[in-house]
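Structure record follows, encoded as structure tokens.
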Amino acid sequence: MKKRKLIAVIICVALVALTLSLALTACNNADPKDPHTIVVGASASPHAEILNAIKGKLKEQGYNLVVKVFDDYLTPNAALDEGLLNANYFQHTPYLNTYNSQYETDLIAVAKIHYEPFAVYGKNVSEQSYSDQKTGRDILIPNDGSNLTRALFVLRDEGFITLPANADPNVNLTVQDIEAAKGNAIHAVEANLVALTLEESDNGTIAVINGNYAIQAGLDIKNALGVENAQGEAAQLYANVIAVKHGHENDEKIIALVNALKSQEVIDFINENYEGAVVPSFVL
């Protein structure tokens, strides 16, 4: 058993290394050390879309913004730590803190830009069924520490599980921390695979899906069965941030990037394009 586990770990590390290698090759045509170039790693939607919306604004200030799209949550932090990005934009601070602790990196958040409410979607599940049947369901959630924790709190608030009274959203939980699953089967899978797994699941299955992956999967938050409370603590705790390697937070181009993002143009872009699936995390 230990041998199989070791082989699985080696394969996982090799896949991450291969992904990073391919990503870094793609970055070779943009030099993050160029004082007039800002290379930012981002998830495809909404992060890269928001960044592309400010390219003209930064161009006016003499900066060429290069957006590198990643489809996972590990590679953009690895690339940032290696100095092949100036910044990245895809994660919230709890995830960043977990990554730093796990990989002994020193990446920091420099600005909160937007918040994506977690939402619950179902495979042929009506609103009435969702409301009436809180037991006996297969439930999919993301498997990384901070997002798994966040999903568990959503499921608690929606009535599918109970958590210990002292459960803290700032402290990572696991499925073993569920106090009562109420007959539901909780399945933790890679965050970028939750939407696809739901599509391939049996009728009646529900899933708690990250906002960016829900958008990429074509899911409309207006059709969600349940939505994280955007007025609660989650809106600030899970705001998506611009992250940089420690020591670069005061670089002129990082300041320019943050200022361009924290603008009325970005507020308008978000409100006009995402209809509540993305919410600005700053005020002017």
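Here are 188, 195, 165, 151: which of them is hydrophobic (A, V, I, L, M, F, W, C) and exposed (fewer than 15 other Cβ atoms within 10 Å of the Cβ)? Give the derivation first.
Working: 188 fails: exposed (fewer than 15 other Cβ atoms within 10 Å of the Cβ); 195 fails: exposed (fewer than 15 other Cβ atoms within 10 Å of the Cβ); 151 fails: exposed (fewer than 15 other Cβ atoms within 10 Å of the Cβ).
Being hydrophobic (A, V, I, L, M, F, W, C) and exposed (fewer than 15 other Cβ atoms within 10 Å of the Cβ) holds for just one of 188, 195, 165, 151, which is 165.
Taking the conditions exactly as written (at pLDDT 95 or above, loosely packed, with under 14 Cβ neighbours inside 10 Å and part of a helix (DSSP H, G or I)), does residue 62 satisfy them or not? Outline the logic, then answer.
Values: at pLDDT 95 or above: yes; loosely packed, with under 14 Cβ neighbours inside 10 Å: yes; part of a helix (DSSP H, G or I): no.
Spelling it out, it is not the case that residue 62 is at pLDDT 95 or above, loosely packed, with under 14 Cβ neighbours inside 10 Å and part of a helix (DSSP H, G or I).
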Do the conditions hold for residue 99, that is, is it touching a His at 6+ places or on another chain (Cβ under 6 Å) and under 22 Å from residue 210 (Cβ atoms)?
no
Here is a check on your reading of the model: is residue 89 surrounded by 18 or more Cβ atoms within 10 Å (Cβ to Cβ), in contact (Cβ under 8 Å) with a residue 24 or more places away in the chain and on the phi < 0 side of the Ramachandran plot?
yes
What are the residues in region 247-266 that are farther than 16 Å from residue 64 by Cβ and in a loop (DSSP other than H, G, I, E, B), if any?
247, 248, 249, 250, 262, 263
Any residue in region 229-240 that's more than 15 Å from residue 153 (Cα to Cα): show its pairings with residues that are β-branched (Val, Ile, Thr) at Cβ separation under 7 Å, as long as the two are six or more apart or on different chains.
240/113
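Here's the yes/no breakdown for (1) under 14 Å from the mean Cα position of the chain (by Cα); (2) surrounded by fewer than 17 Cβ atoms within 10 Å (Cβ to Cβ):
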| position | (1), (2) |
| --- | --- |
| 180 | no, yes |
| 224 | no, no |
| 239 | yes, no |
| 250 | no, yes |
For residue 49, are the conditions met, namely being over 19 Å from residue 147 (Cα atoms) and under 16 Å from the mean Cα position of the chain (by Cα)?
yes
When residues of region 25-42 are filtered for being at pLDDT 95 or above and either more than 14 Å from residue 80 (Cα to Cα) or not assigned by TED's automatic domain parsing to the domain that holds residue 265 (or both), how many remain?
4
The lone exception for residue 83 - which of (1) surrounded by 19 or more Cβ atoms within 10 Å (Cβ to Cβ); (2) outside the structural domain of residue 210 (by TED's automatic domain parsing); (3) out of contact with any helix residue (DSSP H, G or I) (no Cβ under 9 Å at 6 or more places or on another chain) it fails:
(1)
Determine, yes or no, whether residue 207 is over 16 Å from residue 51 (Cβ atoms), surrounded by fewer than 20 Cβ atoms within 10 Å (Cβ to Cβ), in contact with a helix residue (DSSP H, G or I) (Cβ under 8 Å, 6 or more places away or on another chain) and outside the structural domain of residue 85 (by TED's automatic domain parsing).
no
Evaluate the following for residue 57: is it touching a strand residue (DSSP E or B) at 6+ places or on another chain (Cβ under 7 Å), basic (Lys, Arg) and not assigned by TED's automatic domain parsing to the domain that holds residue 211?
no
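Name the single residue, out of those in region 182-211 being in a loop (DSSP other than H, G, I, E, B) and at negative phi, that is nearest to the chain's Cα centre (by Cα).
Ranking the candidates gives 210 first.
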Can you name every residue in region 110-164 that is out of contact with any helix residue (DSSP H, G or I) (no Cβ under 8 Å at 6 or more places or on another chain), basic (Lys, Arg) and either within 25 Å of residue 244 (Cβ to Cβ) or not in a loop (DSSP other than H, G, I, E, B) (or both)?
156
Return yes or no: is residue 173 of a type in the set (A, V, I, L, M, F, W, C), over 18 Å from residue 93 (Cα atoms) and outside the structural domain of residue 99 (by TED's automatic domain parsing)?
no
Could you check how many residues of region 78-99 are touching a Leu at 6+ places or on another chain (Cβ under 6 Å) and among the polar types (S, T, N, Q)?
1
Please enumerate the residues belonging to region 116-130 that are farther than 23 Å from residue 275 by Cβ and either free of Cβ contacts under 8 Å to residues at least 24 places away in the same chain or of a type in the set (Asp, Glu) (or both).
128
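The values are calculated or read from the model by the stated rules, or taken from the named source; none is laboratory data. Quick caveat, the model's predicted, so the values are computed rather than measured. Please note: Cβ atoms are built from the backbone with ideal geometry, for glycine as well, and neighbour counts cover all protein chains shown.
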